[in-house]
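Where a number appears in this text, it was derived from the coordinates with a stated rule and is not lab data. Not measured: the values here are computed from a predicted model. FYI the Cβ positions are ideal-geometry reconstructions off the backbone, even for glycines, and counts take in every protein chain you see.
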Amino acid sequence: MSILIRGGTVVTSETTFRSDIYCEDGVIKAIGENLEAPSGAEIVDAGGQYVMPGGIDPHTHMQLPFMGTVATEDFYTGTAAALAGGTTQIIDFVIPDPEEPLMDAYHKWRGWAEKSVSDYSFHVAVTWWDETVSRDMGILTKQEGVNSFKHFMAYKNAIMVSDEMMMASFHRCRELGAMATVHAENGEMVYYLQQEMLKNGITGPEGHPQSRPPEVEGEAANRAIRTAQVLQTPLYIVHVSCKESLEAVTRARLEGQRVFGEVLAGHLLIDDSVYYNEDFEYAAAHVMSPPFRPKDHQRELWRGLQSGNLQTTATDHCCFCAPQKAAGRDDFTKIPNGTSGVEDRMAVLWHHGVNQGKLTLNEFVKVTSTNAAQIFNIHPRKGSISVGADADIVVWDPEMTRTISAKTHHQNIDFNIFEGMEVKGSPSHTISQGKVVYKDGQLNVVKGAGRYIKRPTFNTHFDALKIRRELTKPKSVKRPPMAAE
Ligand code: URP
Ligand code: ZN
Ligand code: ZN
Ligand code: ZN
């Protein structure tokens, strides 16, 4: 099985150059000009196109059981849709119920994911705490290739963690060399505001953003950041959606703290007016947490990406269709939270980022692939075009123009938050494990071909933190003994 990608312009996170790429047995074997194809090799003509590392979406929820239902997009349809959009790896989440052993939940999710068509990994959520959770975190990192743990600071009476649990878990993350991550919204404030809304007769989807204002996110982001600072461990904040949490991330980074921020394609482009639409189905389809924000936040999020204070882009792909969203017809707090995007992220980022002069080609590669690979410690195997790397590659046609629509997308959901958006620039070919799995609009995928990718612990940030910790460790003062009477 071999492929020669010929005549394209290779774009990595660092450089841009004209080159052919030869892939064999699922890995990149040679990069250079005028490479010869061995007989039988498939030739991919990349003339006039960019050849980039396949996208990594570090935040998806395929077939998530959530809020009394299960997300419609499963690992088969979801990873296929990802490949159609140029994303060759997802990092999904194992989310144990409170009291559910982490290893049980982990094996359940591994089973569900076996039908994946692209490579995948898992973050594991810490939703409760005792000695067995701490022990299982050790097993997951040492034996199962999990190197990140998620903490929901929202969803009170469900999966929300207390500060005490978060501290215990952050401490354990540091010991294990695993990245602590948080969904930053103050769940107590959200709960209070939700009750206020309902009391005041605000039962529709407009109650969703009004009960989760940016301050709620800013407070939680700041609390998580300060907690990580005190515990001297790196922190990754998922779906930074507003100025308030971006400011917290930015300030921490300026202080030298190892804090990373993720932004969702949806938060960069959609504003909160969607929730005030008179059509319930339309408004409910946009219910996700954190909610879409007033327009001025989007400008700040783009600036965050441009400045490097936000490092990754994701989607939080979590699909619920209209009949599922209808569960919250009379009470917005019962609308299952989640929207789609895994197929659209790359094109939307390209169109609104690169085509608008907000992102360079190399920055595009960084924020769609390389940075996630580095933070979650699978670089250079993933997120790079280099000899020995996995042949997960997207051939990108900057001239292709199309209109995003639920009628034509591959995602298993009846709605698309980017409906009607015309984008210029899309994948002509997606290559996964050295095979062309998407070409000229056609998917050619094999159920189960996706592999579980183990991720080693102790990324480079832990080395630096260890030195800092040694240099700043608590000290005591030696005093002479009390003089005898
Ligand atoms: O609304 C969302 N984001 N649903 C999925 C769960 C989460 O908060 O990530
Ligand atoms: Zn310890
Ligand atoms: Zn979340
Ligand atoms: Zn999520």
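Looking at segment 433-454, is at least one residue assigned to a loop (DSSP other than H, G, I, E, B), more than 27 Å from GLN49 (Cβ to Cβ) and β-branched (Val, Ile, Thr)?
Our first condition is that a residue be assigned to a loop (DSSP other than H, G, I, E, B); within segment 433-454, this holds for 433-434, 440-441, 444-451, 453-454.
From what's left, more than 27 Å from GLN49 (Cβ to Cβ): 447-448, 454.
Now restrict to residues that are β-branched (Val, Ile, Thr): none.
No, the conditions are met nowhere in segment 433-454.
Can you pull out every residue in segment 329-370 that is free of Cβ contacts under 8 Å to residues at least 24 places away in the same chain and on the phi < 0 side of the Ramachandran plot? If you could, list the steps in order and put the result at the bottom.
Step one: of segment 329-370, the residues free of Cβ contacts under 8 Å to residues at least 24 places away in the same chain are 356-357, 360.
Of everything in segment 329-370, those that are free of Cβ contacts under 8 Å to residues at least 24 places away in the same chain and on the phi < 0 side of the Ramachandran plot turn out to be GLN356, THR360.
Within segment 191-231, track down each residue that is outside any helix (DSSP H, G or I) and touching a Gly at 6+ places or on another chain (Cβ under 8 Å). Explain how you work it out, then say what you get.
From segment 191-231, those outside any helix (DSSP H, G or I) are 200-206, 211-213, 231; that's our starting set.
Correct list: PRO205 only.
For every residue, the table says whether it meets (1) of a type in the set (S, T, N, Q); (2) crowded, with 24+ Cβ neighbours inside 10 Å.
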{"site": "SER307", "(1), (2)": "yes, no"}
{"site": "GLN311", "(1), (2)": "yes, no"}
{"site": "GLN324", "(1), (2)": "yes, no"}
{"site": "LYS334", "(1), (2)": "no, no"}
{"site": "GLY338", "(1), (2)": "no, yes"}
{"site": "ARG345", "(1), (2)": "no, yes"}
{"site": "TRP350", "(1), (2)": "no, yes"}
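Output the residues belonging to segment 140-170 that are among the aliphatic types (A, V, I, L, M) and touching a Leu at 6+ places or on another chain (Cβ under 8 Å).
Taking segment 140-170 and keeping what is among the aliphatic types (A, V, I, L, M), we get 140, 146, 153-154, 158-161, 165-168.
Passing the criteria: LEU140, VAL146, MET167.
Applying the set (1) within 21 Å of MET62 (Cα to Cα); (2) surrounded by fewer than 24 Cβ atoms within 10 Å (Cβ to Cβ) to LYS358 leaves exactly one unmet item: (1). Sub-7 Å Cβ pairs linking a first residue in segment 305-326 that is of a type in the set (Phe, Trp, Tyr) to a second residue that is within 16 Å of ligand 4 (Cβ to nearest atom), at least 6 apart or interchain, are PHE320/THR69; PHE320/ALA71; PHE320/THR72; PHE320/PRO336; PHE320/GLY338, ordered by first then second residue. Looking across segment 403-418, not a single residue is surrounded by fewer than 18 Cβ atoms within 10 Å (Cβ to Cβ) and touching a Ser or Thr at 6+ places or on another chain (Cβ under 6 Å).
It is to be established whether one or more residues within segment 164-178 are in a loop (DSSP other than H, G, I, E, B), in contact with a helix residue (DSSP H, G or I) (Cβ under 8 Å, 6 or more places away or on another chain), within 16 Å of ligand 2 (Cβ to nearest atom) and of a type in the set (Phe, Trp, Tyr).
Step one: filter segment 164-178 for residues in a loop (DSSP other than H, G, I, E, B), giving 177-178.
Narrowing the set further to residues that are in contact with a helix residue (DSSP H, G or I) (Cβ under 8 Å, 6 or more places away or on another chain) leaves 177-178.
Retained after the next criterion (residues that are within 16 Å of ligand 2 (Cβ to nearest atom)): 177-178.
If we keep only those that are of a type in the set (Phe, Trp, Tyr) as well, we get none.
No: zero hits.
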